[in-house]
Amino acid sequence: MVNPITTPSTSPSARPIALTAGTLALIFGGVLLSPAATAAPEGGPVDTGGTAAYQGAVDVIIGADEDQNVLDGTVFNDKNRNSKQDTNEPGVAGATVSNGRDVVATDEQGRYELPAFNNMTVFVTQPRGYQVPVDGDNVAQFSYNHLPEGSPELKYGGIAPTGALPDAVNFPLAQSKLTQSPEQHCVIGADVQTYDQEEVEFAKAGVFADLAAREDYAGCGALFIGDVVGDDLSLFSQTRELTGMLNGPARFLPGNHDLDFDALDGEHEFDTFRAKLGPEYYSYDAGKAHVVALSTIEYPTKVPAKKSNYTYGLGERQLEWLRNDIAQVPKNKVIVLASHSPLLEFFYSNSHTTKQLKEIYEILEGREVIALGGHTHMSENLREGDLMAGWMDEVGEKGLPFTHLTVPAVSGHWYGGRVVEEGYPTSIQRDGTPPGVVTLDIMNTDVTERFTVRGGDESQQLAVGLNSPRYRTWYAENVSKPRGSAPEFGNPLTVSQEDLAGETWLTTNFWMGSTGSTVEAKLYGGETVPATRTQQLRGETVRVGAEWSDPVAIQEQFVHGGGLADRSMHLWRLELPTDLAAGKHTAQVTATDVHGREFTETLTFEVTE
């Protein structure tokens, strides 16, 4: 078996798929009060570094606490994995526990006390060297909801009445070599966003089958960063069935399509999410990484409300928790800050900002940080110092303080496009990126992002094509038509000598390309020439239109459906020589990312008289 700690799964056997555009190849919490724990033999080893799941649940001691204003309990080493603290199982000192506002560390016996209030979620931050239990669907179990009267009447149920504050809430942990290791592989999946059972099957055949074939993320697990479903919260149960396929713990944070839309008081909009999947926000440790999962969707902004009446922000309680949480984290750890909506991003750089962005940056000042978001169904790899005109007021002339990644969606462009024989649609996103997941490969505090195309492997990172005057004319004739209704663009890799004179570019969509990346091309028999990035991220505005588009993606999207790849922060282009002779030509394109990894594709095209 592959060592899950030291060997990432990059096998070419991971279900490769080739899609074509013309003749061009394109690779594209609830708490269990009666846990059904799987106990290890008494005195036997708890963790050997393998992928065997530690199943169990939070231990809620039934009975009203004498002091209904204070919750107490213990964080303990669950040696026999029965979710109960037995006489030979010590408490875990120094673990942090929170009520969603206050954060406290356990004493030498693993005990904690927290102020209690109505409608709170209490959770433990998984310490390095330990693993919280998972349930039968691999969903991490580390929280307790306190809502004595239950949720108001909601379509999808919300949280059932919990009654009075229990006598104690105890959090079991199992020792883990996997989370102790300085080498971690953390899967980040955005926008599973299934609207019906057919789309559940698309997700199952695609990204979840990919993850089921991998064994490199058993320690850090998989974090799904919002829009887990598409408005129908009854599909949370189908999502749980999908995470049952994983080889590591699953965690979730909520997005704008995971709301109880009928909760209009600003207090219960994520009650069903909390009941089915876990806390609205929280943190956990793996290796030397401290992962912070934020809830950045505030709803509603007005009453009566529509589904679109949400904004991007944390709220005062969560912001206070973030301050308290980060204050407990040693400065020799890297902070992985995950949210559904990106803190900042390129595509909507003039309109999309998280309300408390400056406060978040202040809390994280002096820390080593990488931020991740989803929501927009595209890929963005924004590095320290990057700047767009629309960010100036938030970040100043120095640009971004640290890396911000927008993670491509599991659903791609909402499961659009043509369904291929592997059982899922092409679903090319609005920046030309195919569906997939990002993995953070972490060694100590060094973080390297890795994009895995759905149905493919890490070697597939580019789409290479031609942007010619003839293509731009076809684009103009079809851009206003419904996606999926345009006639096919014939002979996309054929260009006339007349079109060469009118500017034809060799284009490279480097899906995880960023500032610091390079793209160069070598025509057969010629010299290697650097390509130019269409967006420099030096304070400019977004460039939009046919000449800034990805022709490979557009040819798929206009004809079969998907997004509109008319802009990108990761597109490079090289003007072809105007004196190319008639006949076939071959270009070898090599893209090098900011970490020094090289990816090469070869394109053959024909010049006609």
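Worth pointing out:
- When the range 389-426 is filtered for residues that are open to solvent by 10 Å² or more (accessible area, probe 1.4 Å), within 21 Å of residue 375 (Cα to Cα) and more than 20 Å from the chain's Cα centre (by Cα), the ones remaining, listed by number, are 390, 394, 417.
- Residue within the range 79-96 that is open to solvent by less than 10 Å² (accessible area, probe 1.4 Å) and under 25 Å from residue 228 (Cα atoms) present: no
- With respect to (1) among the polar types (S, T, N, Q); (2) closer than 22 Å to residue 571 by Cα; (3) touching a Ser or Thr at 6+ places or on another chain (Cβ under 7 Å), the lone exception for residue 339 is condition (2).
- Residues that are buried (at least 21 other Cβ atoms within 10 Å of the Cβ) and either among the basic types (Lys, Arg) or outside any strand (DSSP E or B) (or both), drawn from the range 119-134: 127, 132, 133
- Some residue of the range 545-566 being open to solvent by 50 Å² or more (accessible area, probe 1.4 Å), in a loop (DSSP other than H, G, I, E, B) and either of a type in the set (Gly, Ala, Ser) or modelled with pLDDT of 95 or more (or both): no
- For the range 270-282, the tally of residues that are over 14 Å from residue 144 (Cβ atoms), open to solvent by 20 Å² or more (accessible area, probe 1.4 Å) and more than 19 Å from the chain's Cα centre (by Cα) stands at 1.
- Filter result for residue 429 (under 19 Å from the mean Cα position of the chain (by Cα), polar (S, T, N, Q) and either more than 14 Å from residue 207 (Cβ to Cβ) or surrounded by fewer than 20 Cβ atoms within 10 Å (Cβ to Cβ) (or both)): no
- Residue list for the range 426-451, restricted to those being more than 17 Å from residue 347 (Cβ to Cβ) and of a type in the set (D, E, K, R): 441, 446, 449, 450
- Within the range 297-317, the set of residues being in contact with a Leu (Cβ under 7 Å, 6 or more places away or on another chain) and either of a type in the set (Ser, Thr, Tyr) or open to solvent by 40 Å² or more (accessible area, probe 1.4 Å) (or both) comprises 299, 303.
- Residue that is farthest from the chain's Cα centre (by Cα) [pool: residues in the range 518-537 that are surrounded by fewer than 17 Cβ atoms within 10 Å (Cβ to Cβ) and of a type in the set (S, T, N, Q)]: 528
- With respect to being touching a strand residue (DSSP E or B) at 6+ places or on another chain (Cβ under 7 Å) and either open to solvent by 20 Å² or more (accessible area, probe 1.4 Å) or on the phi > 0 side of the Ramachandran plot (or both), residue 137 falls outside the description.
- Any chance residue 349 is surrounded by 19 or more Cβ atoms within 10 Å (Cβ to Cβ), touching a Leu at 6+ places or on another chain (Cβ under 7 Å) and small (Gly, Ala, Ser): no
- Considering residues of the range 193-232 that are of a type in the set (Gly, Ala, Ser) and closer than 23 Å to residue 177 by Cα only, the residue farthest from the chain's Cα centre (by Cα): 213
- Look at (1) modelled with pLDDT of 95 or more; (2) in contact with a Pro (Cβ under 7 Å, 6 or more places away or on another chain) and you find that residue 332 fails only one, number (2).
- Inter-residue pairs, beta-carbon under 9 Å, first closer than 18 Å to residue 443 by Cβ and in the range 211-222, second among the acidic types (Asp, Glu) and not in a loop (DSSP other than H, G, I, E, B), 6+ apart: 216/441; 219/183
- Residue ID - surrounded by the most Cβ atoms within 10 Å (Cβ to Cβ), chosen from residues in the range 366-383 that are of a type in the set (D, E, K, R) and part of a strand (DSSP E or B): 380
- All helices (runs of 4 or more DSSP H) inside the range 202-276 with 3 or more residues being within 21 Å of residue 153 (Cβ to Cβ): 271-276
The values are calculated or read from the model by the stated rules, or taken from the named source; none is laboratory data. Bear in mind the structure is a predicted one, so any value in this text is a computation, not a measurement. Methodologically, a virtual Cβ is constructed for each residue, glycine included, from the backbone with ideal geometry; neighbour enumeration extends over all protein chains shown. The area values use the complete protein model at the heavy-atom level, side chains included, leaving out ligands, DNA and RNA. Shrake-Rupley method; radii C 1.70, N 1.55, O 1.52, S 1.80 Å.
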